[in-house]
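The values are calculated or read from the model by the stated rules, or taken from the named source; none is laboratory data. Predicted model only: the values in this text are computed from it and were never measured. Virtual Cβ from ideal backbone geometry, glycine too; neighbours counted across all protein chains shown.
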Amino acid sequence: MRRRTGLVLAAVAAASLAAGVVVATTPAGADATPAFGAPLDPTQVRGSIAYLRQTFGVSEREALRRLQLQQTAQVLVDRFARRAADTSGGLWIDQAHGGQLVVATTAPQAAAALLRDVPDRTSVRVQKVAHPLAELRATQQRLAARLGDGPGSVVLPRVVAEENQVVVFRRDWIVSKGLRITAAPAVDAVDRAVAAEGGRAVVRPLVEPEPLFTPDVDKGYCHPLFCGS
């Protein structure tokens with residue numbers, strides 16, 4: 001199974017549920033800031049601790065800190081969606097580089113102001129990016145409308161927050177799988193569509209996945225075949 005360098009926060013909710021963590025979100029437009037949650041009970045998240053220790057070679061204490069940071073991240077996803085949707089570039093946990101929570105934004109100073117009350121603030125890194133998520137999602141939608149998307153499409157436009165761009169994944173191998181193909185744009189058509197997006201998108205081949213059984217699933221990693229964004 002591929003080892004993901006970070007947990008894209010579109011999937012943090014799933015990761016936290018696997019860890020036995022439930023964090024309530026605040027409805028859009030609400031003024032109250034949700035609590036960051038009580039400290040996790042290690043006995044309730046043994047499976048997630050074991051996964052992090054085995055995959056990233058960290059101690060039990062460090063694994064628990066990273067799980068607590070995921071809980072914090074859930075709250076911040078909601079906060080940035082309500083207060084900084086036009087500048088937020090997404091949030092993810094960079095597991096391969098110290099387990100830091102990365103907050104991508106086009107406005108670092110404004111983002112820092114929304115992080116003042118965050119527990120374990122030293123584990124949160126603000127990263128300036130060129131494009132907010134809203135812009136990337138609009139790019140994805142345009143490319144999907146122009147080139148195709150979905151189970152029967154050879155191409156899958158997806159937002160990759162960690163790269164601050166849209167990746168148009170090509171999976172030419174599905175043509176030989178006996179599937180009903182709904183979209184198979186020519187290579188030059190894909191290249192033209194991507195070029196028209198002015199640096200917000202790239203094309204990349206997607207290797208056919210080879211499912212392997214494992215009792216420890218990284219629910220923070222979402223393969224483009226199964227992610228919706």
Given (1) modelled with pLDDT of 95 or more; (2) surrounded by 14 or more Cβ atoms within 10 Å (Cβ to Cβ); (3) part of a loop (DSSP other than H, G, I, E, B), number of the condition G37 does not satisfy: (1)
Selection status of A11, at pLDDT below 90, under 26 Å from R158 (Cα atoms) and not hydroxyl-bearing (S, T, Y): yes
Contacts under 6 angstrom Cβ, first residue in the range 81-109 being over 22 Å from Q68 (Cα atoms), partner surrounded by 15 or more Cβ atoms within 10 Å (Cβ to Cβ) and modelled with pLDDT under 95, 6 or more apart: none
Every pair of residues 6+ apart whose Cβ atoms lie under 6 Å, when the first sits in the range 178-198 and is in a loop (DSSP other than H, G, I, E, B) while the second is at pLDDT 95 or above: T182/S153; A184/V154; P185/L147; E197/T139
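Looking only at residues in the range 74-106 that are among the small types (G, A, S) and more than 24 Å from T139 (Cβ to Cβ), which one is surrounded by the most Cβ atoms within 10 Å (Cβ to Cβ)? Break it down into steps so the answer makes sense when it comes.
Of all residues in the range 74-106, those among the small types (G, A, S) come to 81, 84-85, 88-90, 96, 98-99, 104.
Next cut, more than 24 Å from T139 (Cβ to Cβ) only: 96, 98-99.
Values: A96: 13, G98: 13, G99: 21.
Checking each candidate, the answer is G99.
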Residue that is surrounded by the fewest Cβ atoms within 10 Å (Cβ to Cβ) [pool: residues in the range 165-176 that are closer than 26 Å to D94 by Cα and of a type in the set (V, I, T)]: V167
Residue among A134, A113, A130 that is of a type outside the set (S, T, N, Q), surrounded by fewer than 21 Cβ atoms within 10 Å (Cβ to Cβ) and without any contact (Cβ under 8 Å) to a residue 24 or more places away in the chain: A113
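Here is a yes/no grid of residues against (1) within 30 Å of Q100 (Cα to Cα); (2) surrounded by fewer than 19 Cβ atoms within 10 Å (Cβ to Cβ); (3) assigned by TED's automatic domain parsing to the domain that holds Q70; (4) of a type in the set (V, I, T):
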{"residue": "V118", "(1), (2), (3), (4)": "yes, no, yes, yes"}
{"residue": "R121", "(1), (2), (3), (4)": "yes, yes, yes, no"}
{"residue": "L143", "(1), (2), (3), (4)": "no, no, no, no"}
{"residue": "G148", "(1), (2), (3), (4)": "no, no, no, no"}
{"residue": "P151", "(1), (2), (3), (4)": "no, yes, no, no"}
{"residue": "V154", "(1), (2), (3), (4)": "no, no, no, yes"}
{"residue": "P157", "(1), (2), (3), (4)": "yes, no, no, no"}
{"residue": "E163", "(1), (2), (3), (4)": "yes, yes, no, no"}
